[in-house]
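First up is the structure itself, then whatever we jot down about it.
The values are calculated or read from the model by the stated rules, or taken from the named source; none is laboratory data. Remember, predicted model here, so these are calculated numbers, not experimental data. Neighbour counts are summed over all protein chains in view; Cβ atoms, including those assigned to glycine, are modelled from backbone coordinates with ideal geometry. For the accessible areas, the whole protein counts, side chains as well, though only heavy atoms, and no ligand, DNA or RNA atoms are used. Shrake-Rupley method; radii C 1.70, N 1.55, O 1.52, S 1.80 Å.
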Number of protein chains: 2
Amino acid sequence: MSTLTRGFKYYWEDFKVGDRIRLGSKRVTREEIIEFATRYDPQPFHVDETAAKNSIFGGLIASGWHTGAMAMRMMCDAYLLEAASMGSPGLDSLKWLKPVRPDDRITTYRTTLESRVSRSRPEMGIVKFYWEVVNQNDEVVMSMEGYGLFARRASGESS
Amino acid sequence: MSTLTRGFKYYWEDFKVGDRIRLGSKRVTREEIIEFATRYDPQPFHVDETAAKNSIFGGLIASGWHTGAMAMRMMCDAYLLEAASMGSPGLDSLKWLKPVRPDDRITTYRTTLESRVSRSRPEMGIVKFYWEVVNQNDEVVMSMEGYGLFARRASGESS
């Protein structure tokens, strides 16, 4: 095991198939919706209150990429910053199911679906997750299936 | 057709299966990589030059969500802001294939894969796209397959 992947709290072995955990929660502000979308997704229903009211969404909604980024931050704070992460090859699906509106409180949950050792890089494991982002009314606003790559725990590494 | 969906340049009919177009291009700066990641994805290899050098990536790389957001901005500027867009239900796949590094120039291409009228909402059409984000070395750094919803052109709407 490389010294690059020593000293973390979570390794590949720590993601158990079937586990479902709550990652975190966040109130979404009008200011943050407009700030993100002004830079990355300036469609009228993401940046302009009046245009949004007159749109098919009936009011301001967050960019789907913003919701994804907020979920990513909850992943970081809950486990990734303490994990021997080796990045992610991507997602098998990303669904924007309901609008996210100003003052919504969103909570992200993670379920571990599958786990295996990499064939080409046996020092690494691949974990498939399902993430759900839920609002204060228990509606799933976004869901994703995707992968995380993690170093395996060395035999000398404490658990 | 609702007045909400009048007066746009692009309607469902304007996305032709097989078309491949270049949406735009952008230089990625170190400052923007760090700024985005500090807020949404503060893993060391996204926010800390020294930690990134010592990571498996060998240097600072952009958050995958940042690359997605930059591609989204290119979609907006190329067509979405002039389209009768009704949002997106999501993506069937999102692949982070290569790192995006400071001073990379990324270009996004869009191919129209499939197109049909909605069964439940016949005033709306569903288009399936394939997007590729390519760097200055012609390497595909990110690809996505996903959907856009667009109002259909009314019979009285000019084309």
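Taking the residues in the stretch B:50-66 that are part of a helix (DSSP H, G or I) and either touching a helix residue (DSSP H, G or I) at 6+ places or on another chain (Cβ under 8 Å) or facing chain A (nearest Cβ under 10 Å) (or both) as candidates, determine which candidate is farthest from A:SER85 (Cα to Cα).
B:HIS66
When both residues are 6+ apart or on different chains and their Cβ atoms are under 6 Å apart, which pairs have a first residue that lies in the stretch B:18-37 and is among the charged types (D, E, K, R), and a second that is in a strand (DSSP E or B) and open to solvent by 80 Å² or more (accessible area, probe 1.4 Å)?
Within 6 Å, the pairs are B:ARG27/B:ARG105.
Assess whether A:PRO102 counts as being touching a Gly at 6+ places or on another chain (Cβ under 9 Å) and more than 7 Å from every other protein chain (Cβ to nearest Cβ).
When the stated conditions are applied, A:PRO102 passes them.
Here is a check on your reading of the model: is B:PRO42 part of a loop (DSSP other than H, G, I, E, B), modelled with pLDDT of 95 or more, open to solvent by 30 Å² or more (accessible area, probe 1.4 Å) and under 27 Å from A:ALA78 (Cβ atoms)?
No; evaluated as a whole, the condition is false for this residue.
Taking the options B:LEU60, B:LEU94, B:LEU4, B:LEU81, name whichever one is farther than 30 Å from A:PHE8 by Cβ and modelled with pLDDT of 95 or more.
So the residue among B:LEU60, B:LEU94, B:LEU4, B:LEU81 that is farther than 30 Å from A:PHE8 by Cβ and modelled with pLDDT of 95 or more is B:LEU81.
Any residue that is of a type in the set (A, V, I, L, M), touching a residue at least 12 places away in the same chain (Cβ under 8 Å) and closer than 18 Å to B:HIS46 by Cα - is there at least one of those in the stretch A:45-60?
No; the residues of the stretch A:45-60 include none that is of a type in the set (A, V, I, L, M), touching a residue at least 12 places away in the same chain (Cβ under 8 Å) and closer than 18 Å to B:HIS46 by Cα.
Do the conditions hold for A:LEU23, that is, is it within 11 Å of chain B (Cβ to nearest Cβ) and either closer than 23 Å to B:CYS76 by Cβ or under 18 Å from the mean Cα position of the chain (by Cα) (or both)?
no
I'm told B:LYS16 meets every condition in (1) modelled with pLDDT under 95; (2) more than 13 Å from chain A (Cβ to nearest Cβ) except one. Can you identify the failing condition by its number?
Exception for B:LYS16: condition (1).
Name the residues in the stretch A:52-68 that are open to solvent by less than 10 Å² (accessible area, probe 1.4 Å) and in contact with a Ser or Thr (Cβ under 7 Å, 6 or more places away or on another chain), would you?
Correct list: empty.
Can you find even one residue in the stretch A:52-72 that is within 20 Å of the chain's Cα centre (by Cα) and farther than 30 Å from A:VAL127 by Cα?
Yes - at least one qualifying residue is present in the stretch A:52-72.
Which number in (1) within 11 Å of chain A (Cβ to nearest Cβ); (2) within 20 Å of B:ASP138 (Cα to Cα); (3) among the small types (Gly, Ala, Ser); (4) open to solvent by 10 Å² or more (accessible area, probe 1.4 Å) marks the one condition that B:ALA71 misses?
(4)
What single numbered condition from (1) more than 11 Å from chain B (Cβ to nearest Cβ); (2) of a type in the set (A, V, I, L, M, F, W, C); (3) open to solvent by less than 30 Å² (accessible area, probe 1.4 Å) fails to hold for A:ILE34?
With (1) more than 11 Å from chain B (Cβ to nearest Cβ); (2) of a type in the set (A, V, I, L, M, F, W, C); (3) open to solvent by less than 30 Å² (accessible area, probe 1.4 Å) applied to A:ILE34, the lone miss is (3).
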